1. Suppose each label sits 7 Å from its Cα in the direction of the beta carbon; what would the residue 121-residue 66 distance come out to in nanometres?
2. Rounded to the nearest 500, what is the 222 nm mean residue ellipticity of the chain from helices alone, with -39500 (n - 2.57) per DSSP H run of 4+ residues and division by all residues?
3. So which GluC sites (Glu not before Pro) in the range 96-140 end up in coil per DSSP with only 12 or fewer other C-beta atoms within 10 Å?
4. What ³J(HN,Hα) values, in whole Hz, does the Karplus curve 6.51 cos²θ - 1.76 cosθ + 1.60 give for the range 70-82 when θ = phi - 60°, with x put for Gly and Pro?
5. Between residue 156 and residue 144, how many nm apart are label points set 7 Å from Cα along the C-beta direction?
6. Looking at [x] -0.39, -0.55, -1.24; [y] -0.69, -0.80, -1.12; [z] -0.34, -0.50, -1.25, which value of log10 I(q)/I(0) by the Debye sum over Cα atoms at q = 0.10, 0.12, 0.18 Å⁻¹ comes from a calculation on the structure shown?
7. Could you sort the peptides 144-153, 69-78, 23-32 by per-residue average Cβ neighbour count (10 Å cutoff), highest mean leading?
8. Considering Cα pairs under 8 angstrom that are at least six residues apart, work out the relative contact order of the range 16-175 and quote it in whole percent.
Amino acid sequence: MSTLGLMTPPSHPSPCIILIGMAASGKSTVGKELARELAWAFLDSDHLIEATYGQPLQTILESLGKESFLRVESALLCTLKVSRTVIATGGSVVYREETMLHLASLGTIVHLDVAWPVIEQRLIRNPQRGLVIAKEQTLANLFNERRSLYRRWGGVRVPAHAESPKEYAKRIIQELLPTI
């Protein structure tokens, strides 16, 4: 116990599960189910940024610009000291090596690998979603650019199938069972 009467964090925290993947790959939706199945906490890094700035993600992106946004995202995520938490990251998190190294120190990084046609349809249905993309870049180019980064950083790659978020979460748990 601390002097405030609160429990102090363990010196050897339990690992986290960090979800990476393209925008609209289902990180938040599947992450919530995964956290529920494990009885762990859930943290959405995009919501953390929104809460920090008190504005929607797209407004923050437009205000800061791509490079400044990536610095802010990295700075916030590199302060995380959590355990037994499923972390749904923003799709752009893979651009900063220091961020990915910090996240990897927290636990297993899982790449939610969703095919381009599915991502494209989901992004088209939600054009207001915050998306870190250069003005001259197409969504397909962005997808291809990030795909290699997701594969680089994803310690575990879990391809998406036509399954519910709950089924997908259970499949991830089965894949990670020895490590969690």
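1. A separation of 2.8 nm, rounded to one decimal place.
2. -15000 deg cm²/dmol
3. Loop-located and lightly packed - 136.
4. 4, 5, 5, 4, 5, 4, 5, 5, 6, 8, 5, 9, 10
5. 3.1 nm
6. [x]
7. In decreasing order of mean packing, 144-153, 69-78, 23-32 become 23-32, 69-78, 144-153.
8. 38 percent
FYI, it's all coordinate maths here, none of it is from the lab. Please read all numbers here as calculations on a predicted model, not as lab measurements. Every residue, glycine among them, receives a Cβ derived from its backbone with ideal geometry; neighbour counts consider all protein chains shown.
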